[in-house]
Amino acid sequence: MSGVPDNLEARVLDAAVEFFERPFLKPLQISSGSITRITEARVRVRVLCNGREGTGRGNVYLSDLWAWPDPSLSHEERDARLRRECQTIATTLDSLTAGEPAHPLELGLRLHHAVYHGQETMPVLARAMCASPFDAAIHDGCGQAVGISAFRFYDHDVPLPIADAALGGGACRAIRDLLRPPVQELPAWVIVSRGDDLEKDVLPWVRERGYRCFKVKVLGRSNTDDAARTSEVYRAARRFGVSRPRLSVDSNEANPDAASVLEYLEMLHSMDPEAYGALEYLEQPTPRDIQAHPVDWTAVARLKPVMLDEGLTSLDLLPLAREQSWSGLALKTCKGHSFALVAAAWARRHGMLLSLQDLTNPGYSAIHAALLAAHVEFINGMELNSPQYTPDANADWLPRLSGLFQPREGIHRLEDCWPAGLGGSL
């Protein structure tokens, strides 16, 4: 790759989006419902960066049950509106990024700000999800135009007004301090959904692929049931030959309050101390609006890290998250590459933990997430669930990226694959 320019200035020339139906191999049961099929939005963005044109790519699953869990609307209604939002972003992307050249991170944050303050008939998380592949594609296109990785855009200190305001100045340095020389191996996590048969749905991933990390989906309605399920998954993993299983737990906001989470942990500790010891963190146990539903996590965080996920939709919420004693941030690239980098840099500056979660995303977005996890230290490495639920969506990248999409010995391997941009050329 070429050297890093002293400054990067890019502008969107045009953008397009297309959609693909992706059936799940088996249902993914979360507290808001069961996901059996989903729409992939795949985008292309053409940019002019430092006088050179580049075409970037990105994608996202339009996960309405995660981003827009409104029971008054059918999946079909929400899906259609999410598609329209993506199409609107594609046709107005230049104006949404202020119609003037700027650093790619600044363009991404302008886009996030625009959709955050956009039409209010759709939740902000859903709008951010729709915008995220465009942000990724801007970074990918700029990197390809100038021949460098998108993670080298911060080698030189340049003004980044929105990021500087969020970080109290020095955004390039803060992001540079966050990034590390990329690692080539990341632990693989398998989701254990509430309805999964452990012998049928989990054992093959252990025996054939060597998985040792298990994300346990619980329903948050009965601590007795949730503690028993957590113990059951741990015991099954041990029975399957995993000497030291790693667990995380996600109720998808179904717990009513911190007291219920504390009770769950105490119950699990009493029921199965070894399973309790294997539990590494909890993901967004309570409702996502942390302003309307403030929670003091001090007592829980003394026992296990509790990570903010769906509740983080704006950089302005970061100080509030710290005040409420969230242990850290469960980041997802589907909220935007620029947003994720700045939020991660803020968390690192303030001594908070970071994990990288998934949206079952395939292809471009899975590569993007893997590159982010390679460059940033997350407590879990990364999640990559598309091999488990929608493996056909990764077919275009096989066999050349089999190390990533078909892990062996419980490890995703990037195998010296460090592309320009964010991997859209792979």
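The values are calculated or read from the model by the stated rules, or taken from the named source; none is laboratory data. None of these values were measured; they are calculated from a predicted model. Using ideal geometry, Cβ is built from the backbone for each residue, glycine included, and neighbour counts are taken over all protein chains shown. Calculation scope for accessible area: heavy atoms of the full protein, side chains included, ligands and nucleic acids excluded. Shrake-Rupley method; radii C 1.70, N 1.55, O 1.52, S 1.80 Å.
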Which numbered condition Glu415 fails, given (1) closer than 28 Å to Leu111 by Cα; (2) among the charged types (D, E, K, R); (3) open to solvent by 10 Å² or more (accessible area, probe 1.4 Å): (1)
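For every residue, the table says whether it meets (1) in contact with a helix residue (DSSP H, G or I) (Cβ under 8 Å, 6 or more places away or on another chain); (2) more than 30 Å from Val4 (Cα to Cα); (3) among the hydrophobic types (A, V, I, L, M, F, W, C).
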| residue | (1), (2), (3) |
| --- | --- |
| Val190 | yes, yes, yes |
| Glu208 | no, yes, no |
| Tyr211 | yes, yes, no |
| Ser231 | yes, yes, no |
| Pro256 | no, yes, no |
| Val261 | yes, yes, yes |
| Leu268 | yes, yes, yes |
Residue count, the stretch 1-31 (criterion: open to solvent by 40 Å² or more (accessible area, probe 1.4 Å) and over 22 Å from Glu85 (Cα atoms)): 9
In the stretch 270-317, the residues that are aliphatic (A, V, I, L, M), in contact with a helix residue (DSSP H, G or I) (Cβ under 9 Å, 6 or more places away or on another chain) and in a helix (DSSP H, G or I): Met271, Ala275, Ala278, Ala299, Val300, Leu303, Leu315
Residues of the stretch 35-67 that turn out to be among the small types (Gly, Ala, Ser) and under 20 Å from Pro123 (Cβ atoms), as a count: 3
Residues of the stretch 346-367 classified as more than 21 Å from Phe24 (Cβ to Cβ), in a helix (DSSP H, G or I) and in contact (Cβ under 8 Å) with a residue 60 or more places away in the chain, total: 3
Some residue of the stretch 334-345 being touching a helix residue (DSSP H, G or I) at 6+ places or on another chain (Cβ under 8 Å) and in a loop (DSSP other than H, G, I, E, B): yes
Filtered residue count, the stretch 242-269, keeping only those that are assigned to a helix (DSSP H, G or I) and over 24 Å from the mean Cα position of the chain (by Cα): 10
Conditions (1) at negative phi; (2) free of Cβ contacts under 8 Å to residues at least 60 places away in the same chain; number of the one not met by Arg180: (2)
Counted residues, the stretch 210-230 - those being aliphatic (A, V, I, L, M) and in contact with a Phe, Trp or Tyr (Cβ under 9 Å, 6 or more places away or on another chain): 3
Residue within the stretch 151-160 that is open to solvent by 10 Å² or more (accessible area, probe 1.4 Å), at pLDDT 95 or above, more than 20 Å from Trp66 (Cα to Cα) and of a type in the set (Ser, Thr, Tyr) present: no
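Residue-wise test of (1) modelled with pLDDT under 95; (2) open to solvent by 10 Å² or more (accessible area, probe 1.4 Å); (3) at negative phi.
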residue: Ser325; (1), (2), (3): no, yes, no
residue: Ala330; (1), (2), (3): no, no, yes
residue: Val342; (1), (2), (3): no, no, yes
residue: His350; (1), (2), (3): no, yes, yes
residue: Leu354; (1), (2), (3): no, no, yes
residue: Asn361; (1), (2), (3): yes, no, yes
residue: Ile367; (1), (2), (3): no, no, yes
residue: His375; (1), (2), (3): no, yes, yes
residue: Pro391; (1), (2), (3): no, yes, yes
Every residue from the stretch 273-306 that is open to solvent by 10 Å² or more (accessible area, probe 1.4 Å) and among the charged types (D, E, K, R): Glu274, Glu280, Arg288, Asp289, Asp296, Arg302, Lys304
Matching entry among Leu198, Leu186 (being within 30 Å of Phe214 (Cα to Cα) and over 21 Å from the mean Cα position of the chain (by Cα)): Leu198
Unique residue being open to solvent by 10 Å² or more (accessible area, probe 1.4 Å), touching a Phe, Trp or Tyr at 6+ places or on another chain (Cβ under 6 Å) and in a helix (DSSP H, G or I) when the list is Val206, Val233: Val206
